[in-house]
Amino acid sequence: MDIWHIRGGRRLEGACPVQGSKNASLPILAAAILAPLRCELHNVPRLRDVDAALRILRCLGCLAEQRENDVYIDSTTLSGCSIPHSLMEEMRSSVIFMGALLARCGEARLSLPGGCQLGKRPIDLHLAALRQLGAEIEEDGTDICCRAARLKGAEIALPFPSVGATENAMLAACAAKGTTTIRGAAKEPEIQALQAFLSRAGAGIGGAGSDTIRIEGFDSAARCVCRIIPDRIVASTLACAAAATGGDVSLCGIDPRHFSALLYFLNKAGCDIISSNRSVRIRSRGRLRAAGEIVTEPYPGFPTDAQPVLMAAMLQAEGETRIRETIFENRFRQVPELRRLGADIAVCGQTAEIRGVDRLHGAALTATDLRGGAAMIVAGLAACGDTVICDDGHVSRGYESFDRCLCALGADICFDHGI
């Protein structure tokens, strides 16, 4: 059990770099097995989820190691196409290996993935996309077996812009004969990052960032070098922490366009947002105003992953903020814990109403999931007194050395790993 000790009420100030993106790293790690490749990845965050992905690669016979923020993979030694349940259940993104294994081996054996319990997250769209490429899929309880003697290019129309389904389709299509077109594709920066890696690895691919992606074959390179983009959700969390504490924080190396929806609402709440091509300064002056009506949507809309941390920033804002969650049906799990700090939050169905209070007070909390745990840290930083958060490893799945980052900005926070 990890324990976070926070003495709140201190204003965050200063500048800090933003770590590499977890959600960009994981599909690129899976993509490293598409062909016999030697890959060198830079700016990879040291996280539990990244470690789990590396263990999957080693289980499949690849050489894979991380040295600080650099990862080295040799997939020329790949020898298997089966991932045990014990590895699959560690993270939701493990399902992305399905498309990559199918492309490389013509077969993938795995089970339903794990990760945070945010409600139903079926992989039906993933399976439907792979079937359209010619895969035969057998499901036996939680076990899944995909086979394809030969994948064929197809017109894939996603009814919802699922990030995971888009990624799995992109990976499998690299081995398909003919052209594959994915319509209704997710547009996230992480999709664009995966396309950049695939292009360097030898794929004929284009369109990422729009709702239509085309893949026209794969001529494998022998070596591929890639730098992981900064993490827009970590940037969002730090921005919300600055806003909640009345701080003045500059985030370095991040593209403000990647989290512009979050910055819009912080500006609406009264923060000054000063942006350049590769940095964002968030300056909060006094008590925030309520941010109004917020609806989570696929990119470029407001991201569901940033919803809990913005909620935490609004707990002391003057007026009422309403958040409607449209992506996950169980994304308000942090609410009962935030109430322990004195927050006034009412939840009705998929809508939360946050009425700003004058004062939050420290309390003992339990992290519910990755982003919920981050929200509790943000709220604890803004609260008066001591907050202690018991965390079953959730936050370390997505935030690298988060305590050190916050301490460098003036926070009084201590992290005890694995107590």
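The values are calculated or read from the model by the stated rules, or taken from the named source; none is laboratory data. All of these numbers come straight from a predicted model, not from anything done at the bench. Please note: Cβ atoms are built from the backbone with ideal geometry, for glycine as well, and neighbour counts cover all protein chains shown.
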Next on the checklist: Only one of R324, R285, R289, R257 is farther than 20 Å from A239 by Cα, assigned by TED's automatic domain parsing to the domain that holds A383 and among the charged types (D, E, K, R). Can you tell me which?
Outcome noted: R324
Next on the checklist: Among the residues of the range 241-260, what is the count of those that are hydrophobic (A, V, I, L, M, F, W, C) and farther than 27 Å from L341 by Cα?
Outcome noted: 4
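For R147, indicate whether it is surrounded by fewer than 16 Cβ atoms within 10 Å (Cβ to Cβ), in contact with a strand residue (DSSP E or B) (Cβ under 9 Å, 6 or more places away or on another chain), assigned by TED's automatic domain parsing to the domain that holds I28 and charged (D, E, K, R). Spell out the reasoning first.
Details: surrounded by fewer than 16 Cβ atoms within 10 Å (Cβ to Cβ): no; in contact with a strand residue (DSSP E or B) (Cβ under 9 Å, 6 or more places away or on another chain): yes; assigned by TED's automatic domain parsing to the domain that holds I28: yes; charged (D, E, K, R): yes.
In short, no.
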Checklist outcome for this item: Listed by range, strands (runs of 3 or more DSSP E) wholly within the range 284-367 having at least 3 residues that are within 25 Å of D272 (Cα to Cα) and either in contact with a Leu (Cβ under 8 Å, 6 or more places away or on another chain) or not aliphatic (A, V, I, L, M) (or both) are 320-324, 351-355
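Restricting attention to strands (runs of 3 or more DSSP E) lying wholly within the range 104-202, give those where 2 or more residues are over 18 Å from L34 (Cα atoms). Don't jump to the end; show me each part of the working.
Values: elements: 107-111, 136-140, 143-147, 155-157, 180-183.
Here the list reads 136-140, 143-147, 155-157, 180-183.
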Item to check | Flag for L54 being in a helix (DSSP H, G or I), out of contact with any Lys or Arg (no Cβ under 8 Å at 6 or more places or on another chain), closer than 23 Å to A169 by Cβ and not assigned by TED's automatic domain parsing to the domain that holds S279 | outcome: no
Checklist entry - Only one residue in R331, R283, R339 is basic (K, R) and within 28 Å of A408 (Cβ to Cβ). Which one? => result R283
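Output the number of residues of the range 5-49 satisfying the condition of being part of a loop (DSSP other than H, G, I, E, B) and either among the acidic types (D, E) or under 17 Å from E400 (Cα atoms) (or both).
We begin by selecting, within the range 5-49, every residue part of a loop (DSSP other than H, G, I, E, B); these are 8-12, 18-19, 21, 32-37, 43-47.
Next, from what is left, pick out any that are either among the acidic types (D, E) or under 17 Å from E400 (Cα atoms) (or both): 18-19, 21, 43-47.
Selection size over the range 5-49: 8.
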Item to check | Test result for F259, farther than 20 Å from G398 by Cα and either in a helix (DSSP H, G or I) or more than 20 Å from the chain's Cα centre (by Cα) (or both) | outcome: no
Item to check | Top-ranked residue in the range 185-232 [being under 23 Å from P303 (Cβ atoms), aliphatic (A, V, I, L, M) and touching a residue at least 40 places away in the same chain (Cβ under 8 Å); ranked as surrounded by the fewest Cβ atoms within 10 Å (Cβ to Cβ)] | outcome: A193
